[in-house]
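Okay, so here's the structure we're looking at.
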Amino acid sequence: MSRHRLITPSERSKLDPFIVATGDASPRDQRDLMERPFFSLAKARRTAPILYQAGDIRVEVFAVAEHGMATIWDADVLIWAASQIVEAENLGLRTSRFLRFTPYQLLTAVGRQTGAREYKLLKGALTRLQSTAIRTTIRNGEHWRRHQFSWINEWEECTRRDGRVEGMEFVLPDWFYRGVVDRSLVLAIDPAYFRLTGGIERWLYRVARKHAGRQPKGWIFEVAHLHEKSGSLVRVSDFALQIRRIAAHQPLPGYRLHIERDGRRELLRILPGQLSTGPVDGAVEALGTSHANGIGISHAVLSGLRTHGAQLSLWPEAAIPRLNLESNSESNFSLLFGDVNNTSYRRQEKPNAASDYSTSDTYFRRSDSTTDDTSDAPHLPFGRKPGEAK
């Protein structure tokens, strides 16, 4: 008796591909990812979960031991994808959760080199993004529900017979895609963000951009509350020390940091400086303080048109297909600031956990070293022929 094996078709077969434009796109970030702890801030492998709750909002992030949790450096892939989707829609082009692109486009857009090492690190980032599981109640609509997904549903390299990588494909989760095409949930960020090297620095910039925005009076946080929002595994005292060091060096583009005291409480005030994120097209306003004395209003910034560059010709499709999104009638505004005044946090501490400012080279990050390929050609020096010596 023969056995019939059930073969599940790839999700890509059900989606129209969005072939990424060759032109530059102003970087955009998704508000929910900027405000809550979705990523590891350490370059060393993290397997301890993130368990965060603030009012009705809950975020749970789980990693597999083999690959570890997706890091804040890996999140550059999602920032790049969001930027391309928003830019294409600004140009009146159709988008999809199914993206086709060259690694060269992604790496150069987020300030990375294009040598063989960087392509290898990119594949590691995609693997962690796919293997990390997220459960959250954010954007749950009228009735309570919990959504579970991974940052990337599936991904694949497109290679020639000689092993040369001509492109990549991946499928974004519906939860993330809906949060990008809803313009009230996207903010422009400074391109200099990609030059920040520390995990806490990068996370703190996203918090500053989300909460302080362009407000003249900025936003003020209690440092202990920031520690809760970060999902960091380091002790509160070590986290506070790193915040003081960051405030002393002032590395955040467009923002100034000031340490203040209120009795025994240590506070961080974030003030806007010279911003390069463009004017506000549509304001999203709310009042709130973050466990500290202060009132802030957050604004959504949308960037304008960038380019009408030609589409890639690596695949047979000649045009970008229609938008793969059903009508989204739910309003997400009421959830954006739901955890400002009522935040509780539960996390599992890990003995001798790696510092969030580790200098490990394990993860996908910017490299200032000499690379194997510095040309502007879109073809990539990624793969070698099977069996070929390094």
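The values are calculated or read from the model by the stated rules, or taken from the named source; none is laboratory data. Not measured: the values here are computed from a predicted model. Note: ideal-geometry Cβ built from the backbone for every residue, glycine included; neighbour counts use all protein chains shown. With ligands, DNA and RNA removed, areas are computed over all heavy atoms of the protein, side chains included. Shrake-Rupley method; radii C 1.70, N 1.55, O 1.52, S 1.80 Å.
Annotations
- Qualifying residue in segment 108-121 (condition: surrounded by fewer than 20 Cβ atoms within 10 Å (Cβ to Cβ), without any contact (Cβ under 8 Å) to a residue 24 or more places away in the chain, among the β-branched types (V, I, T) and within 28 Å of L196 (Cβ to Cβ)): yes
- Qualifying residue in segment 127-139 (condition: in contact (Cβ under 8 Å) with a residue 60 or more places away in the chain and open to solvent by 50 Å² or more (accessible area, probe 1.4 Å)): yes
- When each of A44, A65, A109, A75 is tested for being in contact with a strand residue (DSSP E or B) (Cβ under 9 Å, 6 or more places away or on another chain) and not β-branched (V, I, T), the lone residue that passes is A75.
- Considering segment 30-49, and only residues there that are touching a Leu at 6+ places or on another chain (Cβ under 9 Å) and within 14 Å of G68 (Cβ to Cβ), the residue that is surrounded by the most Cβ atoms within 10 Å (Cβ to Cβ) turns out to be S40.
- Cross-chain or 6+ apart pairs with Cβ under 6 Å, segment 242-257 first and within 18 Å of R209 (Cα to Cα) and basic (K, R), then surrounded by fewer than 19 Cβ atoms within 10 Å (Cβ to Cβ) and at pLDDT below 95: R256/G273
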